[in-house]
Amino acid sequence: MAIIVGLAKLAESRDDDTGQHLSRIRHYTTLIATAFSELFPEKLSAAEVSIIGATSVLHDIGKVGISDDILLNPNKLTEAQFDSMKRHTSIGADILISLSEQLGRDPWVDTAIQITLGHHERWDGTGYPFGLRGEVNNLPARIVAVADVYDALTSKRVYKDAMSHEEAVALIAKDSGTHFDPLVVDAFLIVIEKIKKIVTRFQNNIT
């Protein structure tokens, strides 16, 4: 856990928005994973929920390897810049794999690797970096994908306004079976009121 916190702080240092983003992702991911475990205990045990929640904060650790002119660019990225940005998934996995090689196999690090590498894959196979389809992509990453997109939609950026909670929920529900694992979306929809309360807490600077 100390390693996870340290690496998360490293990611925070690159972007002022990242700290609260990571806290929100941890909360959202834990809620979704808990609901998923209750709905489908044969697919996800309760013991794994805390690991997925904690390691979700490392999903974008690879952005430490992306140049500032891309990472902090307030405008829409060019195709070439976006291709470079996509590399954060494999960069992050490489960082964590190097850690694993020193520590030995560990469920926390293994889960972090899965999330880092797979959270931009899509259920229909049109994501990156590998274009994995369906359950070929790992479950922790499929859970974090929903949490990450929800947070992106409901967060204000210099290049866009924040979408409302209701609009974001509707969009994620619409993309069930294309962008997102339908079962993960089912779990997400169960906890949307709890997630809305977390959004309100962070808007009031209560972490």
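The values are calculated or read from the model by the stated rules, or taken from the named source; none is laboratory data. This is a predicted model, so every value here is computed, not measured. We place every Cβ from the backbone using ideal geometry, glycine too, and count neighbours over all the protein chains shown. The area values use the complete protein model at the heavy-atom level, side chains included, leaving out ligands, DNA and RNA. Shrake-Rupley method; radii C 1.70, N 1.55, O 1.52, S 1.80 Å.
Quick one: which residue in 34, 116 is open to solvent by less than 30 Å² (accessible area, probe 1.4 Å) and among the β-branched types (Val, Ile, Thr)?
116
Quick one: in the range 168-181, which of the residues that are open to solvent by less than 40 Å² (accessible area, probe 1.4 Å) and part of a helix (DSSP H, G or I) is nearest to residue 127 (Cα to Cα)?
172
Here's a check for you: in the range 125-150, which residue that is open to solvent by 30 Å² or more (accessible area, probe 1.4 Å) and in a helix (DSSP H, G or I) is farthest from residue 168 (Cα to Cα)?
136
Just need a number here: residues in the range 67-91 that are in contact with a helix residue (DSSP H, G or I) (Cβ under 8 Å, 6 or more places away or on another chain) and closer than 30 Å to residue 36 by Cβ.
Selection size over the range 67-91: 6.
Here are some conditions: (1) of a type in the set (A, V, I, L, M); (2) at pLDDT below 95; (3) open to solvent by 20 Å² or more (accessible area, probe 1.4 Å); (4) within 21 Å of residue 180 (Cα to Cα). Residue 64 meets all but one. Which one does it not meet?
(4)
Do we have residue 43 as closer than 24 Å to residue 195 by Cα, among the basic types (Lys, Arg) and modelled with pLDDT of 95 or more here?
Yes.
Restricting attention to the range 106-129, does a residue exist that is modelled with pLDDT under 90, of a type outside the set (Phe, Trp, Tyr) and farther than 30 Å from residue 186 by Cα?
Looking through the range 106-129, none of the residues is modelled with pLDDT under 90, of a type outside the set (Phe, Trp, Tyr) and farther than 30 Å from residue 186 by Cα.
Taking only pairs six or more apart or across chains, which ones have beta-carbon atoms under 8 Å, a first residue in the range 75-90 that is over 13 Å from residue 59 (Cα atoms), and a second residue that is open to solvent by 40 Å² or more (accessible area, probe 1.4 Å) and not in a helix (DSSP H, G or I)?
That search, which allows pairs on different chains as well, returns 75/159; 76/159; 84/67; 85/77.
So which of 39, 58, 99 is open to solvent by less than 20 Å² (accessible area, probe 1.4 Å) and either within 27 Å of residue 135 (Cβ to Cβ) or touching a strand residue (DSSP E or B) at 6+ places or on another chain (Cβ under 9 Å) (or both)?
After applying the criteria, what remains is 58.
Could you count how many residues in the range 182-195 are farther than 22 Å from residue 118 by Cβ and open to solvent by less than 50 Å² (accessible area, probe 1.4 Å)?
Qualifying residue count for the region: 1.
Is there a residue in the range 116-124 that is outside any loop (DSSP other than H, G, I, E, B), more than 19 Å from residue 172 (Cβ to Cβ), β-branched (Val, Ile, Thr) and in contact with a Leu (Cβ under 7 Å, 6 or more places away or on another chain)?
Within the range 116-124, one or more residues are outside any loop (DSSP other than H, G, I, E, B), more than 19 Å from residue 172 (Cβ to Cβ), β-branched (Val, Ile, Thr) and in contact with a Leu (Cβ under 7 Å, 6 or more places away or on another chain).
I need the full set of residues from the range 73-115 which are in a loop (DSSP other than H, G, I, E, B) and either closer than 21 Å to residue 29 by Cβ or over 19 Å from the mean Cα position of the chain (by Cα) (or both), in order please.
Matches in the range 73-115: 73, 74, 75, 76, 77, 78, 104, 105, 106.
Looking at (1) under 25 Å from residue 50 (Cα atoms); (2) outside any helix (DSSP H, G or I); (3) more than 17 Å from the chain's Cα centre (by Cα), find the lone condition where residue 163 falls short.
If we test residue 163 against (1) under 25 Å from residue 50 (Cα atoms); (2) outside any helix (DSSP H, G or I); (3) more than 17 Å from the chain's Cα centre (by Cα), just (1) comes out false.
Only one of (1) closer than 23 Å to residue 108 by Cα; (2) out of contact with any His (no Cβ under 9 Å at 6 or more places or on another chain); (3) hydrophobic (A, V, I, L, M, F, W, C) is not met by residue 173, so which one is it?
Of the numbered conditions (1) closer than 23 Å to residue 108 by Cα; (2) out of contact with any His (no Cβ under 9 Å at 6 or more places or on another chain); (3) hydrophobic (A, V, I, L, M, F, W, C), the odd one out for residue 173 is (1).
Going through the range 16-61 one residue at a time, which ones are charged (D, E, K, R), under 20 Å from residue 157 (Cβ atoms) and in a loop (DSSP other than H, G, I, E, B)?
Residues satisfying the conditions are 16, 17, 60.
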